[in-house]
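Participant: The structure follows.
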Amino acid sequence: MKHFTGVVSAVCPHDCPDTCSLRVSVEDGKAIKVSGNPDHPPTNGVLCTKVSRYTERTYHRDRLTQPMRRVGAKGEGRFEPISWDEALKLAAERLAPIAARAPEAILPYSYAGTMGLVQAESVARFFHKLGASLLDRTICASAGAAGLKYTYGASVGMHVEQFENSKLILIWGSNPIVSSVHFWTRAQEARRRGAKLIAIDPYRSLTAEKCDQHIALKPGTDGALALAMIHVLTQEQLIDADYIARYTVGFDELRARAALYDPARAAAICGIPEDVIVALAREYGTTKPAAIRLNYGMQRSRGGGNAVRAVACLPSLTGAWRDPAGGLLLSSSGFIPVDSVSLARPDLMPGWPSRQPRTINMSAIGDALCHPGDDTFGPKVEALIVYNSNPVAVAPDSVRVAQGFVREDLFTIVLEHFQTDTADYADLLLPATTQLEHFDVHKAYGHTYLMVNRQAIEPIGEARPNTEIFRGIARAMGLDEPALYETDEQIAESAFDWTHPALRGGSHEKLMHDGWIKARIPDAPFAEGGFPTPSGKCEFFSKRLLAEGLDPVPDYLAPHESSERDPLLAERYPLAMISPPARNFLNSSFVNVDSLRSPIGEPRLDIHPHDAAYRQIADGQRVRVFNDRGSLELTARVTDRAREGVVVGLSIWWKKLAADRRNTNQLTAQALTDLGRAATFYDCLVDVAAA
C-alpha cells in the first residue's frame with residue numbers, strides 16, 4: 001500500500017443521510033483526489049463541497065500524528081509527544097484502578113465523527129467489559145427517532161430515489177443544499193417535472209430561497225402547524241378513509257386532538273397567517289403523490305418528539321403511502337438489520353442482562369461532569385474517554401461543559417484527528433486515522449444501501465484506527481476477553497443480520513466483493529400497512545406511550561423558553577435563537593479546513609431589520625448575544641432571511657477559531673425534549689446589543 005497507485009472504493013463516514021460512495025485516487029501511496037462514485041445510485045458521481053476536499057483534511061498541516069501527554073493546565077492545549085507504549089501504559093495505569101473500584105466512574109463519550117459500524121459502534125464492547133457507565137446518545141436525532149418509533153415502529157420511510165416522482169414536496173425543518181445534496185438533486189428534478197417545493201423553516205435558508213414557497217414559522221411550533229393541517233384535512237374530508245380504516249389506529253383520538261388546533265389558534269402560535277395554513281393543508285390533501293422530507297432541525301425544542309409524531313401522521317391520513325413517491329422520509333436507518341448485539345457485545349457487561357450500569361445523557365454532559373456523585377446519580381465521573389466527538393464545542397451549555405472538563409481530578413483521553421477544543425482539555429491525546437486510512441462497513445440513514453469502506457492509504461504518522469487504539473488499551477490493562485481483540489475484518493463479518501428478509505440473497509462475502517448491497521425494501525413500503533409497530537399499523541394512538549405514562553396522541557408542547565411557558569424570561573430575552581449548520585461545516589467537522597472556512601470568514605448573526613433597528617444595530621457591526629447562561633460576540637448581518645423575533649447563528653465553530661473563543665453553545669441549554677431525551681439547541685431565548 002505504501003507505493004500503491006490506483007483507485008480505491010470508500011465511503012463518506014460523516015453524519016449526513018447521503019452516505020456517499022467515494023472513489024479515492026491514489027498515486028504512489030498518496031491520496032490525490034476524492035470524488036463521488038458514478039456507479040453508486042444514491043451518490044451518482046456527486047459529492048458535497050466538504051467531502052470533495054477530503055484530501056485537504058487528511059493531509060492537513062495540523063493532523064495529530066503521535067500520542068501526546070498534557071504538560072500545561074487543562075484547556076491550554078500544551079502537550080509533549082510520547083510513544084505509543086508510554087501512552088497505553090498511562091491509560092492503563094489510570095483506568096485500571098477506577099475499573100476495579102468503581103467502573104461506572106468511567107464514561108465513554110462519542111457520537112458521529114465517524115458513522116462506521118466497526119470504528120464507532122463496535123468500540124462499545126471495551127466499555128461493556130469494564131462495566132463503565134452507558135452513554136445515552138441523544139445529541140442529534142433521538143427525539144425524531146422516538147417520534148418515528150411510536151408512530152411507524154422504527155426509523156423508516158420513503159426511498160430517497162422516489163422524490164423525483166413527487167408532485168408536492170414539503171421540505172420541513174431541513175436545508176438539504178447544506179445537509180443532503182442528493183435529496184436536493186432529486187427535489188430539483190421533481191420540480192423540473194412540475195412539482196411544487198414548499199420549505200417550512202423559521203429561516204430563509206439557501207434551500208428555502210430556491211423553493212416555490214417559504215413558510216417561516218416560529219421555532220418549536222411545528223407540532224401546532226401539523227395539528228392544524230390535520231384539523232383542516234379532517235374537517236374538509238381531504239383524507240383517505242379506506243387507508244385510515246385498514247392501516248392506522250387511533251384516528252378518532254387524533255381527530256379530537258386536532259380539533260383543538262383550528263387554523264386561527266395555530267396561526268397565533270406559529271406566527272404565520274391563517275390562510276397560509278389552510279392553503280397548505282388543502283394543497284397537501286389534494287396533490288398526489290405528496291411527499292415530506294423531514295429533518296432534525298424541527299425536533300430540537302421541547303416538543304420535538306411530539307412534533308415529529310404529528311407530521312408523521314400526515315401521509316397516513318391522506319393515503320400518501322400508497323404511491324412510491326408519497327410518504328415521508330426522516331430516516332431510513334431502521335430498514336437495515338444491523339446486528340447491534342454482535343457489534344457492541346452488551347453480554348460482556350457484568351450482570352447482563354438483569355443488571356446494567358447507569359446511563360448518562362450526553363446532552364447533559366456539563367451537569368454530569370460537575371456532579372459530585374451521590375446515591376441517586378452514582379459515582380462521580382473520574383475518567384472520560386472521548387472519540388468521534390468534540391463535546392466542548394458541540395454540547396449545549398458550553399460554559400458548564402468546560403467547567404466539567406477543566407477538573408484536575410478528571411482523567412480525560414481524547415482520540416482525534418486534530419487538536420480540537422475538546423482535545424485542549426485532554427490528559428492523553430491519541431492520534432486517530434481518518435476514513436482513508438482504515439477499513440469499515442456502513443449503513444445509511446438517507447438510503448437503503450450497505451457499504452464497504454476500503455483503506456486507501458497508510459495511516460498518517462503514528463495514527464491508529466479507533467479499534468486498534470482500544471485493543472491496545474485493553475492489552476495494556478491485561479484484559480483477556482477474546483472479543484476485545486477481534487480484527488476489524490472479523491468485526492465486520494458480524495455487523496449485519498444476514499438472515500433478515502431485507503438482506504435476502506446477500507452475504508458478507510457478497511458485500512465485500514461488490515462494495516455495496518441494496519436492502520430489499522418495496523418501492524412503496526407501506527402501501528398496504530405493514531408498519532413495524534406492535535399493531536402493524538401507523539399508530540396515531542400509541543399504547544406504548546400510554547403504558548409509559550405519556551400522552552398517547554401527538555400534541556403541541558410550547559418551547560421551554562417561550563412566552564407561553566415563561567413570560568418573564570421571554571420579556572428579558574425576547575429573541576429566539578437557532579444555530580443550524582453553516583454550509584461548509586458539518587457540526588464541528590471541517591471548520592479547520594482553510595478552503596472551507598475562508599469563504600465564511602467569521603461567525604455571524606443574522607438578525608431581521610426590525611429587530612436590528614430597535615436595538616440600533618447596523619449591518620457589519622459587532623454585537624453581543626447573551627442570556628443567563630453566557631454570551632458571545634458575533635458580526636451582525638441585517639437581513640430578512642431571519643424572521644422577525646428570531647436570530648440565526650450559523651454553526652458550529654471551533655471556539656479557538658472565533659475572535660472571542662466562544663460559539664453559540666455558550667447560550668444553549670441542557671434542557672431535554674419530550675420524547676427521546678434529546679438536546680434542545682433551538683429552544684433558546686437571547687437578546688442582542690452592540691458589543
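Participant: Helix 84-101 versus the longest principal axis of the chain: what angle, 0 to 90°, nearest 10, using Cα atoms?
Facilitator: Result, in degrees: 70.
Participant: Let me ask something else about it. Which aspartates and glutamates does LYS74 reach when only Cα atoms under 17 Å apart count, and residues fewer than 8 places away in its own chain are ignored?
Facilitator: The qualifying aspartates and glutamates are GLU382, GLU408, ASP409, GLU416, ASP421, ASP424, ASP427.
Participant: Leaving out ligands and nucleic acids, and using a 1.4 Å probe, what accessible area per residue does the chain come to in Å²?
Facilitator: Per-residue accessible area for the chain comes out at 35 Å².
Participant: Can you compute 3J(HN,Hα) from phi for each residue in segment 661-673, using the Karplus curve 6.51 cos²θ - 1.76 cosθ + 1.60 with θ = phi - 60°, rounded to whole Hz and x for Gly and Pro?
Facilitator: Rounded to whole hertz, the list is 6, 9, 9, 5, 6, 4, 9, 6, 10, 8, 4, 10, 7.
Participant: Spelling out what I want: for every residue of segment 6-11, take phi, set θ = phi - 60°, compute 6.51 cos²θ - 1.76 cosθ + 1.60 (Karplus), and round to whole Hz; glycine and proline get x.
Facilitator: Once rounded to whole Hz, the list reads x, 10, 10, 7, 9, 9.
Participant: Along Cα→Cβ, 7 Å out, is where each label goes; now give me the distance between the ones at ASP374 and GLU458 in nm to one decimal.
Facilitator: Inter-label distance under the simple model: 5.6 nm.
Participant: A follow-up question, please. What number, in percent, do you get for the relative contact order of segment 158-202 if the mean sequence gap of Cα pairs under 8 Å and at least 6 apart is divided by its residue count?
Facilitator: It rounds to 54 percent for segment 158-202.
Participant: Let me ask something else. Measure nothing but the geometry: give the 0 to 90° angle between the long axis through the Cα atoms of 222-235 and the longest principal axis through the Cα atoms of the chain, rounded to 10°.
Facilitator: Roughly 30 degrees between the two axes.
Participant: Looking only at the chain, where both bridge partners belong to it, what percent of the DSSP beta bridges are antiparallel (to the nearest 5)?
Facilitator: Once the DSSP bridges in the chain are tallied, antiparallel ones form about 50 percent.
Participant: Just for segment 560-691, what percent of DSSP beta bridges are antiparallel, to the closest 5?
Facilitator: Bridges in segment 560-691 are about 65 percent antiparallel.
Participant: For the chain, the longest stretch holding no GluC sites (Glu not before Pro) located in a DSSP loop with at most 12 other Cβ atoms within 10 Å is which?
Facilitator: Maximal segment without exposed cleavage sites: 77-407.
Participant: Please report the antiparallel percentage of DSSP beta bridges with both residues in segment 309-462, rounded to the nearest 5.
Facilitator: Among the beta bridges of segment 309-462, antiparallel pairing accounts for roughly 35 percent.
Participant: Also, I was wondering about something else. Over the chain, calculate the relative contact order: mean separation of alpha carbon pairs under 8 Å at least 6 apart, over the residue count, as a percent.
Facilitator: Across the chain, relative contact order equals 21 percent.
Participant: HIS500 versus GLU86, label points 7 Å from Cα toward the beta carbon: distance in nm?
Facilitator: Between HIS500 and GLU86, the label points sit 4.6 nm apart.
Participant: First compute the accessible area of the chain with a 1.4 Å probe, then give the percent of it belonging to carbon and sulfur atoms.
Facilitator: After summing per-atom areas, the C and S share lands at 49 percent.
Participant: Normalising by the residue count of segment 45-92, find the relative contact order in percent from Cα pairs under 8 Å and 6+ residues apart.
Facilitator: Relative contact order comes out at 26 percent.
Participant: When the Kirkwood hydrodynamic radius is evaluated over all pairs of different C-alpha atoms of segment 447-487, what value in angstrom, to one decimal, is obtained?
Facilitator: So the Kirkwood estimate lands at 12.6 Å.
Participant: Enumerate the calculated ³J(HN,Hα) couplings along segment 29-35 in order (Karplus 6.51 cos²θ - 1.76 cosθ + 1.60, θ = phi - 60°), each rounded to whole Hz, writing x wherever the residue is Gly or Pro.
Facilitator: 3J(HN,Hα) across segment 29-35, in whole Hz: x, 10, 6, 10, 7, 10, 9.
Participant: Measure nothing fancy, just the Cα-based angle from helix 181-192's long axis to the longest principal axis of the chain, in degrees from 0 to 90, nearest 10.
Facilitator: The angle comes out at about 30 degrees.
Participant: If you take every residue apart from GLY506 with its C-beta less than 10 Å away from the C-beta of GLY506, what net charge results, scoring Lys and Arg +1 and Asp and Glu -1?
Facilitator: +2
The values are calculated or read from the model by the stated rules, or taken from the named source; none is laboratory data. These numbers were taken from a predicted model, which means no experiment stands behind them. So basically every Cβ, Gly included, is an ideal-geometry build from the backbone, and we count neighbours across all protein chains shown. All accessible areas refer to the heavy atoms of the entire protein, side chains included, with ligands and DNA or RNA removed. Shrake-Rupley method; radii C 1.70, N 1.55, O 1.52, S 1.80 Å.
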